[in-house]
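Just below is one structure, and these are the notes that go with it.
The values are calculated or read from the model by the stated rules, or taken from the named source; none is laboratory data. Keep in mind that this is a model prediction, so the values were computed, not measured. Cβ: placed from backbone, ideal geometry, glycine included. Neighbour counts: every protein chain shown. Surface areas here come from the heavy atoms of the whole protein model, side chains and all, with no ligands, DNA or RNA. Shrake-Rupley method; radii C 1.70, N 1.55, O 1.52, S 1.80 Å.
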Number of protein chains: 2
Amino acid sequence: MNPLPTDNLDELFRFVYSTVQSAGAKSLDYFRSGLSVENKALPGKFDPVTEADKAVERRLRELIEHRFPQHSIVGEEFQPREGATNNDYQWLIDPIDGTRSFISGVPAWGVLLALLYKGEPLLGAMHQPYLKETFIGLRDDQCPQAWLFREQLEKGQPLRVSSVESLAQATLFSTHPEIFDHIPGAFDRYQAVAQRCRLMRYGGDCYCYCLLAMGQIDLVIEADLQDYDILPLVPIVEAAGGVISTWSGEPLRSGGQVIAAATPALHQEALGVLNEAH
Amino acid sequence: MNPLPTDNLDELFRFVYSTVQSAGAKSLDYFRSGLSVENKALPGKFDPVTEADKAVERRLRELIEHRFPQHSIVGEEFQPREGATNNDYQWLIDPIDGTRSFISGVPAWGVLLALLYKGEPLLGAMHQPYLKETFIGLRDDQCPQAWLFREQLEKGQPLRVSSVESLAQATLFSTHPEIFDHIPGAFDRYQAVAQRCRLMRYGGDCYCYCLLAMGQIDLVIEADLQDYDILPLVPIVEAAGGVISTWSGEPLRSGGQVIAAATPALHQEALGVLNEAH
């Protein structure tokens, strides 16, 4: 049973929707415009951070602090905020996931927000301001829900994964071959799965998991993710009927190596191939 | 000097814009919906063709035949149509470029249309119906023009490539590693360039060339393209100030191996690396 921080589920959805919309609007001032890119990584490593990142996170924090002053907040860009009275609830922010897509003009990036309870993702949202798409998922034992809202909250479409059960029928996505570079052997293990799939494409960042929740693709395999990259997507995938775990099949409670599949059968087959080559 | 088939340039732009819009609207009936995918390739090769492809090409042909009955038409899906009186003008159609993006729910595909004069691309258009974006370019010695129209023809933004002149500053895009598979050594030559770039991403199909024309990315390198995949994009890239050629530096008059760059200096540096490893 997952306890919500409010009795009014409708109000919680409305809060999350309006919060990511409001914050996401800040990013459009910077998308496809003359963009100042800071480089916070070591020389030679390209890890762009934009003004947009900071503007979005600042706005998310303002709105969350105002509505839920007792909760803690952890984001990519600023120092964590301790909750005033209750640290069981934590909001986790990735203001712009997919900064490489962002600076390249490709609308596959997103504003990510999760509400965790005792470290478990309860509710997650992905908002793509250019496409005007917002994906929200709620993990709930009784009544899981996942929705795509386009332009307005009143017209949501329920999200439902595909029924694909085998790699031979599956479309696999991953952001980029380089994400496997830091773990010895990881790319070969990934390739062993990819070669058995009907179709494999790169690109997508957080949007991959939303395509999975929509039933458009069937499998996502990635590595080297941060907790704020992936925990907001867990409720979206799971509430749409999908399965998401680490490469060892454990529940996701932090970043790392991730596999998300439309069905338990596909998840099992892909995990088997990932790990037999290991 | 490029002769246009009408004295009224404004009317020609209006015709091309309304034609790709009208045809593109047909595709949205099939995008992200329960989709029937025919397989026209050999068993084991996945080359999806959708009903959308046929519906879009049928509509493009209707509108072109009505307005320019004397021109010939060549498209991906149907038999070529001989022009009634004048074969110097040919319309070249790729109803849905990027069918793999299409069936995966990723809005990087596009409706492509070119007007060729004696085999040279004069005018080209790329329309992305889900994003409501239309890119049109006109190659003209006196006054080249390239525009992005969003939602309406009245509010066009002029397209202009970036000023990036070196690989070390460049963002490189390509659709997928597999597109180099058919040419021995091509992937290694591609990688030699990629390793010198600031950033390299996969994904995009025809949208890559539009990102280049917008100044968002700086370099696109691909192989194994058909003439209808690439000739409609030549006027967009060139009229935005970019350089596009074969891997030997020859002008593009058919498909094959393609390199498009924001500036002549970047084009030369990339060509040098592509061919020194060769």
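Can you find a residue that is hydroxyl-bearing (Ser, Thr, Tyr), open to solvent by 10 Å² or more (accessible area, probe 1.4 Å) and within 22 Å of residue A:106 (Cα to Cα) anywhere in region B:252-274?
Yes, that holds for at least one residue.
Go through (1) in the same structural domain as residue A:261 (by TED's automatic domain parsing); (2) outside any strand (DSSP E or B) for residue A:173 and report which single condition fails.
In the conditions (1) in the same structural domain as residue A:261 (by TED's automatic domain parsing); (2) outside any strand (DSSP E or B), residue A:173 misses (2) alone.
Give the residues of region B:116-144 that are more than 14 Å from residue B:210 (Cα to Cα), in a strand (DSSP E or B) and either open to solvent by 30 Å² or more (accessible area, probe 1.4 Å) or touching a His at 6+ places or on another chain (Cβ under 8 Å) (or both), sorted by residue number.
B:117, B:120
Being at negative phi and at pLDDT below 95 is the filter here, so list the residues in region A:109-120 that pass it.
Within region A:109-120, A:117, A:120 meet the criteria.
Does residue B:93 satisfy the condition of being touching a residue at least 24 places away in the same chain (Cβ under 8 Å), buried (at least 17 other Cβ atoms within 10 Å of the Cβ) and within 14 Å of another protein chain (Cβ to nearest Cβ)?
When the stated conditions are applied, residue B:93 does not pass them.
Look through region B:164-204, keep the residues that are within 20 Å of residue A:194 (Cα to Cα), in contact with an Asp or Glu (Cβ under 6 Å, 6 or more places away or on another chain) and within 12 Å of chain A (Cβ to nearest Cβ), and return whichever of them is modelled with the highest pLDDT.
Per the criteria, the residue is B:174.
Considering only residues that are modelled with pLDDT under 60 and either surrounded by 12 or more Cβ atoms within 10 Å (Cβ to Cβ) or under 22 Å from the mean Cα position of the chain (by Cα) (or both), which ones fall in region A:3-38?
A:35, A:37, A:38
For region A:43-96, what are the residues that are among the polar types (S, T, N, Q) and either at pLDDT 90 or above or closer than 19 Å to residue A:26 by Cβ (or both)?
At the first step, the residues of region A:43-96 found to be among the polar types (S, T, N, Q) are A:50, A:70, A:72, A:79, A:85-87, A:90.
Matches in region A:43-96: A:50, A:70, A:72, A:90.
Is it the case, given these coordinates, that residue B:216 is assigned by TED's automatic domain parsing to the domain that holds residue B:23 and of a type in the set (S, T, N, Q)?
It is false that residue B:216 is assigned by TED's automatic domain parsing to the domain that holds residue B:23 and of a type in the set (S, T, N, Q).
Of everything in region A:154-205, what is among the aromatic types (Phe, Trp, Tyr), open to solvent by less than 20 Å² (accessible area, probe 1.4 Å) and without any contact (Cβ under 8 Å) to a residue 40 or more places away in the chain? Give them in sequence order.
Passing the criteria: only A:202.
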